[in-house]
Amino acid sequence: MKLKTALLAATAIALTGAAQAEELTIATVNNGDMIIMQKLAPEWEKATGHKINWVILEENVLRQRVTTDIATKGGQFDIMTVGSYEAPIWGKQGWLMPLDDLGEDYDYGDLIPSVAAGLSADGKLVAAPFYAESSFTMYRKDLFEAAGLTMPEQPTYDQIGEFAEKLTDKSKEQYGICLRGKPGWGENMAFLGTLVNTHGGQWFDMNWQPQIDSQPWQQAITYYVDLMTKYGPPGAVSNGFNENQALFQTGKCAIWIDATSAAGRVYDPKQSEVADKIAFAPAPQAVTPAGSAWFWAWSLAIPSSSTKADVAKSFIAWATSKDYVKLVGENEGWVAVPPGTRLSTYALPEYQEAAPFAATVLASIEAADPAKPTKDPVPYTGIQYVTIPEFQGIGTVVGQQISAALAGQTSVEAALKAAQDYAAREMTRAGYPK
Amino acid sequence: MARKTSPTQRAVVTVAAWSIGFLIFLPILWTVILSFKSETDAIRTPLQVLSAPWTTASYAEVQARSNYGAHFMNSVIISVGSTVLALIVAIPAAWAMAFQPGRRTKDLLMWMLSTKMMPAVGVLIPIYLMFRDFGLLDTRIGLTVVMTLINLPIVVWMLYTYFREIPSEILEAARMDGASLGKEILYVLTPMAVPGIASTLLLNVILAWNEAFWTLQLTTSKAAPLTAFIASYSSPEGLFYAKLSAASTMAIAPILILGWFSQKQLVRGLTFGAVK
């Protein structure tokens, strides 16, 4: 009898113990906002008694690592960081758990609608937005003033070309324009995708035929190569986001068109030599506003193989809540709060004061609609990417061709012809064109 | 020296050797230099980097954010464990191949080596599935076994080449004196092959220490060695060169020091039997 009671008691303790303290494994990338999340997570651990194991990997390694685990149902991760490119694809595959039950006080209505739409599959949210970004124009107001120029409220690419010409002084290592040149679907093609969209182009037509050698692509890429060759920094083919940020922060660029998430960094006097000399404008446009600024959201999702879904949901609800935004503001400074996810963030007076770029960022994110990325109708969603699994490969090869054109190794026409041929071959192989 | 060399010749050779050595060492040196600079200085041009002030801020930040000790212990256990395990299997195997070769020994050796010619990612999914079913994902035992299997062909090959240099008459003499097979391998062969075994051991510890495909794919947090520690400091956004360099320096320092102290042994082992 005694033994039985003791056993029962032990079992009860073990069971409640298991229910109380779980170990979550969270896979994420080494971005500033994630590092802050890692730093603040002990607050959640203290409040709930659970423990978190962090796995931090480089973006591409993470993508491969996590794909292997989900596809084999390895169950190694309870929460993973996914981008807005993967979220709908993986959601459709049934790889991610729906997140429509994160609690009553989660306030789904407060999520920026276009952001939530970009992270849903079949109408259900499959990843909770952690921070989101669009693209916009950053420029040096001191240089503009000195040259007697004014940035219009909505610049066009023709105007950007004129400004870049006037603001280039190679003897002072001052370049009119800095744009991404490093090849990759998430590098140069992110910017070039928006440039093609606003020139009226698209990746595929309604029959999934690649359109890379079409007129709008020719115009957009010719403009880009010409602009960068004349007014861009030397060696632009190796410049990605980080390299351009470094150039802009050290005063080498007059205009930089890139992610809105750069705003907090170039505006931080600890990192940036030009913090007090910059201003912001929306992404430039050419013939159409559609798809002229990109959309990207890093978000938190639960793989369907996780056995600790309830605890994982509790963490996600915490990390993407309004209270978390406030927690970051109070601990790390208001300029560091995760941007682009909740409307309430932009209503906070502390944030408005600390981040004068907030309104421009919000407008860019709200205007960026992944569901309508181009002038003419297309069969896909995504502005600077196409939400099909084949896109990563195609986007990177096209990016390499354009990078070669920028380096002067081939002509724009030849590069686009080669890119078109490659894309057509890959799409046929994947069984797309109808 | 067998031939006479003029002082000029010797000077030229010395300068050339030092230049090549320096060139090979330069990336590591540059990593160490960057690790002592601030993030904003680390992305400047090389001359500006050198003149920028020195700081240990990156080390402090890396220390605060990661558990270096745990990653370090995992690296030690996995690399030493897999090497010892591989030696236990490979010494008898290499003995058999060197002293009792059969008709197919050469083919067998080639076949073993051919497994190294396949890209590792080709067997990722099968191994991942096996690990999942045996509960070996993110365990040090699992990783040790995989590293043993990966390095086994090289270990057998190296030991085979060393053993072939040992005159089989000595082993015969031991047998005449009544030594059993086990004793023959343990007390006669092994002591004579110590330089070879030592350099095989060192080389394999280094290979296992630096292996970055399987160690990243099969671990998450508990068994993650120093390669995962380095990988966690690469970033698609923001500045990270200085912190990444600091993490790299901390990860390679132990193996670099080990290599430094054992270089004599390493070189002797690697050139063992090359000069007759």
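Just list whichever of A:LYS270/A:LYS326; A:LYS170/B:LYS37; A:LYS313/B:LYS37 have alpha carbons separated by over 30 Å in the model shown.
A:LYS313/B:LYS37
With a Förster radius of 41 Å, plug the Cβ-Cβ distance of A:GLU23 and A:THR250 into 1/(1 + (r/R0)^6) and report the FRET value to the nearest 0.05.
With a Förster radius of 41 Å, E is 0.40.
For A:GLU330, project a label point 7 Å along Cα to C-beta. Then give me every residue of the range A:31-66 with its amide nitrogen under 19 Å of that point.
A:36-49
How high is the FRET efficiency between A:ASP268 and A:GLU162 when r is their beta carbon distance and R₀ equals 41 Å, given to the nearest 0.05?
My answer for the efficiency is 0.85.
Report the charge-dipole magnitude of the range B:67-232 in Debye, nearest 20, computed about the Cα centre from +1 at each Lys and Arg Cβ and -1 at each Asp and Glu Cβ.
In debye, rounded to 20, the range B:67-232 gives about 260.
Rounding to the nearest 10 and keeping the result within 0 to 90°, find how far the Cα-based axis of helix B:140-164 lies from the longest principal axis of chain B.
Result, in degrees: 50.
How long is the gain from A:GLN209 to A:ASP276 if the chain were fully straight, where each residue apart is worth 0.36 nm and the alpha carbon distance is subtracted?
Gain on stretching A:GLN209 to A:ASP276: 19.4 nm.
Just to confirm the filter: which trypsin sites (Lys or Arg not before Pro) across the range B:75-173 are DSSP coil and have at most 13 other Cβ within 10 angstrom of their Cβ?
B:ARG103, B:ARG104
If you take the alpha carbon radius of gyration of chain A and divide it by 2.2 N^0.38 Å, what ratio comes out, to two decimals?
1.05
Aspartates and glutamates near A:LYS252 by alpha-carbon distance under 16 Å, same-chain residues fewer than 8 away left out - which ones?
Straight-distance partners of A:LYS252: A:ASP142, A:GLU165, A:ASP169, A:GLU173, A:GLU243, A:GLU273, A:ASP276, B:ASP41.
Using the basic label-point model (7 angstrom from Cα toward the beta carbon), what is the B:GLN263 to B:SER114 distance in nanometres?
3.9 nm
Relative to the first principal axis of the alpha-carbon coordinates of chain A, what is the inclination of helix A:309-319, with its axis defined by its Cα atoms, in degrees from 0 to 90 and to the nearest 10?
Between the helix axis and the principal axis of chain A, the angle is about 50 degrees.
How large is the dipole of the protein assembly as shown about the Cα centre if only Lys and Arg carry +1 and Asp and Glu carry -1, each at its Cβ, rounded to the nearest 20 debye?
Dipole about the Cα centre, nearest 20: 3060 debye.
Can you put B:GLU39, A:GLU273 in order of Cβ neighbours within 10 angstrom, beginning with the fewest?
Arranged by neighbour count, lowest to highest, B:GLU39, A:GLU273 become A:GLU273, B:GLU39.
For the range B:7-59, count the residues as N, evaluate 2.2 N^0.38 Å, and divide the Cα radius of gyration by that value, please.
Against the compact-globule rule of thumb, the ratio is 1.56.
Any idea what Rg and Dmax come out to for the range B:67-232 if you just take the C-alpha atoms, in Å?
18.1, 59
For the range A:22-83 and the range B:248-264, what is the separation of their C-alpha centers, rounded to whole Å?
For the range A:22-83 versus the range B:248-264, the Cα centre distance is 31 Å.
Given the -39500 (n - 2.57) contribution per DSSP H run of 4+ residues, what per-residue ellipticity at 222 nm results for the protein assembly as shown, rounded to the nearest 500 deg cm²/dmol?
-17000 deg cm²/dmol
Taking the inverse of the average 1/r across all pairs of different Cα atoms in the range B:40-145, what Kirkwood radius in Å do you get?
18.8 Å
Evaluate the distance, in nm, between pseudo-label points positioned 7 Å from the Cα of B:ALA253 and of A:ASN53 along their respective Cα→Cβ axes.
In this crude label model, B:ALA253 to A:ASN53 measures out at 2.6 nm.
Going toward the positive end of the dipole of the range B:27-154, with +1 on Lys and Arg Cβ and -1 on Asp and Glu Cβ, which of B:PHE134, B:LEU87, B:GLN100 do you reach last?
B:GLN100
From the square roots a ≥ b ≥ c of the eigenvalues of the alpha-carbon gyration tensor of the range A:311-365, which class results: rounded (a/c under 1.5), prolate (a/b over b/c), or oblate?
oblate
The range B:55-110 to the range A:138-192: how many Å between their Cα centroids?
52 Å
Report, as an integer, the average count of C-beta atoms from other chains found within 10 Å of each Cβ along A:72-78.
Other-chain Cβ atoms within 10 Å of each residue's Cβ, averaged: 4.
So which GluC sites (Glu not before Pro) in the range A:322-391 are both in a DSSP loop and have at most 16 other Cβ atoms within 10 Å of their Cβ?
Qualifying residues, ordered by number: A:GLU390.
Ignore the peptide's own chain and count Cβ atoms of other chains within 10 Å of each Cβ in A:242-248; give me the average, rounded.
Shielding by partners across A:242-248 averages 3.
So for the pair B:ASN210, B:ILE20, with labels modelled 7 Å out along Cα→Cβ, what separation do we get in nm?
1.7 nm
What is the helix-to-structure angle for A:412-429, meaning the angle in degrees between its Cα long axis and the longest Cα principal axis of chain A, kept from 0 to 90 and rounded to the nearest 10?
Long axis of A:412-429 versus the principal axis of chain A: about 40 degrees.
Write down the Å³ per residue value for the convex hull defined by the alpha carbon atoms of the range A:163-250.
Expressed per residue, the convex hull around the Cα atoms of the range A:163-250 is 96 Å³.
Of the DSSP beta bridges with both residues in the protein assembly as shown, give the percent that are antiparallel, rounding to the nearest 5.
Restricted to the protein assembly as shown, the bridges split so that about 70 percent are antiparallel.
Within a 10 angstrom radius of each residue's Cβ in A:51-59, how many Cβ atoms of other chains show up on average? Whole number is fine.
Going residue by residue through A:51-59 and averaging, the value is 6.
Taken together, the values in this text are just the output of simple stated rules run on the coordinates, not laboratory data. It should be emphasised that the depicted structure is a prediction, and the values quoted were computed from it without experimental measurement. Ideal geometry is used to build each Cβ from the backbone, glycine not excepted, and the neighbour counts take in all protein chains shown.
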